Amino acid sequence: MEIDLSTRSALVTGSTAGIGEATAQGLAAAGADVVVNGLSADKVSETAKRLGVRGIAADVGTAEGVATLIEQLPDVDILVNNVGVFAAQPVFEIPDDEWLRFFQINVLSGVRLARHYTPRMVDRGWGRVIFLSSEAGVQTPTNMVHYGLTKSAQLALSRGMAQEVAGTGVTVNSVLPGPTMSSGVVAMWDDLYPGLDRTEQERRFVAEGRAATSLLHRLIRPHEVANLITYVASDQAAATTGSALSVDGGLVPTIIP
């Protein structure tokens, strides 16, 4: 199967590192005209140059930032709502402003961008909207309830939007990664397991943490998540919509997708 996105444009939010960067790279490799996004103009420029794509620096966690981005990019065929934040904090100690910050960045960023771009996709009869949710959206982490709540909200949001655009040629889906190796995770390992090599650090982290139930017995790599996103963005995935698609390495113990 050859995925050809050479006639499509794509926006990936929060794409200067990790899954977002890997997704931008995967879509670009399939021929899409990709725009990367992030907070830091320097990081956006650096990433765009490295991938050979366009970059727009904007804080899509705010209404003003979304407006700035849309002004520079009025239309896209593929919208990947990847931007997000997470942090560990006991649920009864999370203040109002943190609940609101998580919701603004993880949920409302996607709402605002989809509200602008999706009707334009409908007018053309083709489009892809993809939300980066998480396995935390279906099994809430005790130490990150505010994060889990936003990831669950994305599932309801993407399903509802898919229903709204039914029969138009536009699909809306969520992708649910499990624990994924990123620069932030690797930096954390150096604090948790100083002096150990990467293989042993990963083994310890998997055995002692949330990934202990993974059937892979390792963390997922960003490009493995990006591969699924690239497929969902393609013509080949035309019959997949309103779905929550797992790429969690079998972490969630269920036979129901």
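The values are calculated or read from the model by the stated rules, or taken from the named source; none is laboratory data. Note that this is a predicted model, so its numbers are computed, not measured. FYI the Cβ positions are ideal-geometry reconstructions off the backbone, even for glycines, and counts take in every protein chain you see.
When you look at residue 249, is it of a type outside the set (D, E, K, R), within 18 Å of residue 18 (Cβ to Cβ) and assigned to a loop (DSSP other than H, G, I, E, B), yes or no? For residue 249, the condition - of a type outside the set (D, E, K, R), within 18 Å of residue 18 (Cβ to Cβ) and assigned to a loop (DSSP other than H, G, I, E, B) - is met.
Of the residues that make up the stretch 102-115, is at least one touching a residue at least 12 places away in the same chain (Cβ under 8 Å), of a type in the set (Lys, Arg) and more than 13 Å from residue 60 (Cβ to Cβ)? Within the stretch 102-115, none of the residues are touching a residue at least 12 places away in the same chain (Cβ under 8 Å), of a type in the set (Lys, Arg) and more than 13 Å from residue 60 (Cβ to Cβ).
Mind checking whether some residue in the stretch 43-63 is at positive phi, in contact (Cβ under 8 Å) with a residue 24 or more places away in the chain and in the same structural domain as residue 153 (by TED's automatic domain parsing)? Yes, the stretch 43-63 contains at least one residue that is at positive phi, in contact (Cβ under 8 Å) with a residue 24 or more places away in the chain and in the same structural domain as residue 153 (by TED's automatic domain parsing). For the stretch 131-144, a tally of residues being surrounded by 15 or more Cβ atoms within 10 Å (Cβ to Cβ) and over 19 Å from residue 257 (Cβ atoms) returns 2. Residues that are more than 16 Å from the chain's Cα centre (by Cα) and at pLDDT 95 or above: does the stretch 202-212 have at least one? Within the stretch 202-212, none of the residues are more than 16 Å from the chain's Cα centre (by Cα) and at pLDDT 95 or above. Taking the conditions (1) on the phi < 0 side of the Ramachandran plot; (2) touching a helix residue (DSSP H, G or I) at 6+ places or on another chain (Cβ under 7 Å); (3) in the same structural domain as residue 133 (by TED's automatic domain parsing) in turn, residue 3 satisfies each one other than (3). Selection of first residues in the stretch 234-257 that are touching a residue at least 40 places away in the same chain (Cβ under 8 Å) and under 30 Å from residue 76 (Cα atoms) and of second residues that are among the hydroxyl-bearing types (Ser, Thr, Tyr) and assigned to a loop (DSSP other than H, G, I, E, B), restricted to Cβ pairs under 8 Å at least 6 apart or on distinct chains, gives the following pairs, ordered by first then second residue: 244/133; 248/214. Being buried (at least 19 other Cβ atoms within 10 Å of the Cβ) and touching a Phe, Trp or Tyr at 6+ places or on another chain (Cβ under 9 Å) is the filter; apply it to the stretch 198-243 and report the residue that is farthest from residue 80 (Cα to Cα). That would be 201. Among the criteria (1) in a helix (DSSP H, G or I); (2) touching a strand residue (DSSP E or B) at 6+ places or on another chain (Cβ under 9 Å); (3) crowded, with 19+ Cβ neighbours inside 10 Å, the one residue 174 does not fulfil is (1).
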